[in-house]
Amino acid sequence: MTESPRPRAVFSNEDFRLIRSAIEHYLPIVRDQPDSVKFANLYHRLGRLG
């Protein structure tokens, strides 16, 4: 039996940096909306990856 190939990453480190930058610019727009906390948490999680 052969081993399955190792899954490839969907996003590169550069992608995470770009997504984090986009969210940083989006945070002031959603500041007063319920999802603002979710975006802020995502922003911080992405910062730990890069």
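Numbers at a glance
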| quantity | calculated |
| --- | --- |
| Tally, over the stretch 20-39, of residues that are open to solvent by 100 Å² or more (accessible area, probe 1.4 Å) and among the basic types (Lys, Arg) | 2 |
| Which numbered condition LEU42 fails, given (1) open to solvent by 90 Å² or more (accessible area, probe 1.4 Å); (2) modelled with pLDDT of 90 or more | (1) |
| Close pairs (6 angstrom Cβ cut-off, 6 or more residues apart or separate chains): farther than 10 Å from GLU24 by Cβ and without any contact (Cβ under 8 Å) to a residue 12 or more places away in the chain in the stretch 36-50, among the β-branched types (Val, Ile, Thr) and open to solvent by less than 60 Å² (accessible area, probe 1.4 Å) anywhere | SER36/VAL30 |
| Residue check for ARG17: open to solvent by 60 Å² or more (accessible area, probe 1.4 Å) and assigned to a helix (DSSP H, G or I) | yes |
| Unique residue being of a type in the set (Lys, Arg) and in a loop (DSSP other than H, G, I, E, B) when the list is ARG45, ARG31 | ARG31 |
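The values are calculated or read from the model by the stated rules, or taken from the named source; none is laboratory data. If you're wondering where the values come from, they're calculated on a predicted model, not measured in any experiment. Cβ atoms come from the backbone with ideal geometry, glycine included; neighbour counts cover every protein chain shown. These area figures cover heavy atoms from the full protein model, side chains too; ligands, DNA and RNA do not enter into them. Shrake-Rupley method; radii C 1.70, N 1.55, O 1.52, S 1.80 Å.
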